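Visitor: Dropping the structure in here first, questions after.
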Amino acid sequence: MRKWFALTGFALCLVLAWAGPAAAQSSGDADGAQPTALEGTLRLGFDQFFAGVEITVADESGTRVGRALTDAEGRWSVPVPGAGTYRVTIDESTLPDGIGLRQGYEATAEATVADGASRAVVFAVGEAPKGTPFGERAAQTVFNGLKFGLIIAMSALGLSLIYGTTGLVNFAHGEMVTFGAVIAWYFNSSWGGLNLIAAAVLAVIVCGMLGAGLEQGMFRPLRRRRLGIFQLVVVTIGLSLLGRQAIQLFFGAEPLPYTDFQVQQRWEFGPWAVTPRELVTVVVIIAVLLAVGLLFQFTRFGKATRAVSDNAGLAEASGIDVDRIVQMVWVMGAALAGLGGVFQGLDTDIDPFLGFQLLLLIFAGVELGGLGTAFGALAGSLIIGMSTEVSTLWISPELKFVVPLVALIGVLLLRPQGLFGVKARVG
């Protein structure tokens with residue numbers, strides 16, 4: 001049964017990989033030749049459109065390549081010479097009185113478009129922002145840090161579980177995060193246009209099957225051949241490179257958004273202004289993390305997993321099916337990574353490097369909390385996410401990823417086992 005599940009996972013992943021480009025190719029053939037263009041719609045809600053707003057497009061060198069004014073329905077389109085990355089700028093002075101870009105959004109956005117394709121560029125407009133007191137900015141930044149930390153924790157938990165039961169540091173974990181986001185995008189945008197919630201559920205299932213396939217078809221045979229941890233880590237590095245290139249080959253290099261829940265009106269809660277998708281992201285991730293914690297604390301599977309993590313040989317001698325536990329942990333770890341990728345893709349655009357860009361912060365969260373401890377991965381990830389966002393109150397956002405890494409180095413110099421790890425003697 002487990003072999004069938006693993007083989008089905010591999011087969012389904014191959015079908016998904018080949019079906020994506022085929023669907024995109026057939027769609028392009030049906031539409032015929034199209035000019036390369038950047039386009040969009042300026043509106044507030046579903047019924048308020050902004051006409052006469054100026055949009056300019058420049059290439060990477062800053063040379064203007066086109067200009068457009070929005071029509072009565074807020075639509076604009078600017079043809080561009082060909083594939084490449086362009087800078088799209090909205091002239092805020094042409095917006096109606098009292099209307100401006102929402103807080104946190106800039107007037108210039110970069111967009112990458114493929115040859116013969118049209119790329120939608122979204123500018124989030126609303127009531128013109130006013131000067132925000134430091135206290136309100138700090139409260140908003142703390143919420144952003146909580147959201148980012150929870151997304152990191154969702155992915156880091158899977159990495160920590162796999163390490164705790166097998167001792168393997170999986171460098172391909174970032175590609176599992178990307179895979180979840182990409183598969184959800186295909187279900188949401190290409191294959192029937194499913195609602196993003198249904199697409200996310202299917203993506204989590206597919207990621208779980210991929211995890212089962214990797215464990216059953218690759219890592220278990222390698223362990224039986226008595227390969228050491230170092231050799232297995234090298235294998236995961238190779239899988240990371242292969243997975244990243246495969247995703248880029250089939251998905252493309254252009255960042256793409258989900259179809260659902262893109263531009264939303266922010267809700268005001270005291271000093272906080274959050275969109276519904278941000279609130280749902282925080283609530284769902286907290287619920288999932290609590291469910292996983294209860295699962296490992298109070299179920300037979302959780303107790304068996306903790307036993308395997310403590311001493312696999314003794315657990316097997318006690319009648320626990322170690323291979324089955326390890327495979328279930330791989331399924332859960334890959335599923336959590338995929339779900340983390342969906343939420344990160346909802347917060348930003350999806351691209352082949354989404355998980356790779358998060359991987360360093362995931363490792364930082366796991367190391368900071370203590371390798372192999374689920375609670376440590378959660379706490380360390382929250383600290384990393386919070387320090388990353390809160391640091392933007394005093395330093396440039398371009399430098400925000402330096403702060404948590406400096407904090408990580410400092411903690412490990414003082415406490416090498418991490419905040420919640422256990423000091424052990426080696427040798």
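Table: residues versus (1) modelled with pLDDT under 90; (2) under 20 Å from G355 (Cα atoms).
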position: N188; (1), (2): yes, yes
position: A199; (1), (2): no, yes
position: A212; (1), (2): no, yes
position: G228; (1), (2): yes, no
position: L241; (1), (2): no, yes
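Visitor: Right, another one. Six or more apart or on different chains, Cβ under 6 Å: which pairs go from a residue in the range 242-258 that's touching a residue at least 40 places away in the same chain (Cβ under 8 Å) and of a type in the set (S, T, N, Q) to one that's open to solvent by less than 50 Å² (accessible area, probe 1.4 Å) and outside any helix (DSSP H, G or I)? Could you list them?
Guide: Qualifying pairs under 6 Å: Q248/P352.
Visitor: For the range 153-172, does any single residue satisfy the condition of being free of Cβ contacts under 8 Å to residues at least 60 places away in the same chain, more than 19 Å from I286 (Cβ to Cβ) and surrounded by fewer than 24 Cβ atoms within 10 Å (Cβ to Cβ)?
Guide: Looking only at the range 153-172, we keep the residues that are free of Cβ contacts under 8 Å to residues at least 60 places away in the same chain, and these are none.
No, because not a single residue in the range 153-172 is free of Cβ contacts under 8 Å to residues at least 60 places away in the same chain, more than 19 Å from I286 (Cβ to Cβ) and surrounded by fewer than 24 Cβ atoms within 10 Å (Cβ to Cβ).
Visitor: Considering only residues that are over 21 Å from R87 (Cβ atoms) and buried (at least 16 other Cβ atoms within 10 Å of the Cβ), which ones fall in the range 43-57?
Guide: The answer is R43, L44, F49.
Visitor: Within the range 290-311, which residues are touching a residue at least 60 places away in the same chain (Cβ under 8 Å) and farther than 21 Å from L210 by Cα?
Guide: Within the range 290-311, G293, F296, V308, S309 qualify.
Visitor: With respect to E60, determine if the residue is surrounded by fewer than 18 Cβ atoms within 10 Å (Cβ to Cβ), touching a Phe, Trp or Tyr at 6+ places or on another chain (Cβ under 7 Å) and either more than 20 Å from L256 (Cα to Cα) or of a type in the set (D, E) (or both).
Guide: When the stated conditions are applied, E60 does not pass them.
Visitor: Which of the residues spanning the range 69-103 are open to solvent by less than 80 Å² (accessible area, probe 1.4 Å), closer than 27 Å to A273 by Cβ and assigned to a loop (DSSP other than H, G, I, E, B)?
Guide: Selection gives T70, G74, D91, L95, P96, G98, R102.
Visitor: Answer yes if at least one residue in the range 343-363 is under 19 Å from the mean Cα position of the chain (by Cα), assigned to a helix (DSSP H, G or I), over 28 Å from Y258 (Cα atoms) and of a type outside the set (V, I, T), and no otherwise.
Guide: Within the range 343-363, none of the residues are under 19 Å from the mean Cα position of the chain (by Cα), assigned to a helix (DSSP H, G or I), over 28 Å from Y258 (Cα atoms) and of a type outside the set (V, I, T).
Visitor: Then there's this: Just to be sure I understand the filter: pairs with C-beta atoms under 7 Å, separated by 6 or more residues or on different chains, first member in the range 192-209 and in the same structural domain as A172 (by TED's automatic domain parsing) and surrounded by fewer than 16 Cβ atoms within 10 Å (Cβ to Cβ), second member of a type in the set (K, R) and not in a helix (DSSP H, G or I). Which pairs pass?
Guide: The qualifying pairs do not exist here.
Visitor: Restricting to helices (runs of 4 or more DSSP H) lying wholly in the range 216-327: which have 1 or more residues that are hydrophobic (A, V, I, L, M, F, W, C) and open to solvent by less than 30 Å² (accessible area, probe 1.4 Å)?
Guide: 229-251, 276-298, 300-310, 312-317
Visitor: Among S381, S396, which is farther than 30 Å from E215 by Cβ and either out of contact with any Leu (no Cβ under 6 Å at 6 or more places or on another chain) or modelled with pLDDT of 90 or more (or both)?
Guide: Result: S396 is the single residue among S381, S396 that is farther than 30 Å from E215 by Cβ and either out of contact with any Leu (no Cβ under 6 Å at 6 or more places or on another chain) or modelled with pLDDT of 90 or more (or both).
The values are calculated or read from the model by the stated rules, or taken from the named source; none is laboratory data. The structure presented is a predicted model; accordingly, all values stated were derived computationally and were not measured. When we count neighbours, we look across all protein chains shown, and the Cβ atoms used for this are built from the backbone with ideal geometry, even at glycine. Calculation scope for accessible area: heavy atoms of the full protein, side chains included, ligands and nucleic acids excluded. Shrake-Rupley method; radii C 1.70, N 1.55, O 1.52, S 1.80 Å.
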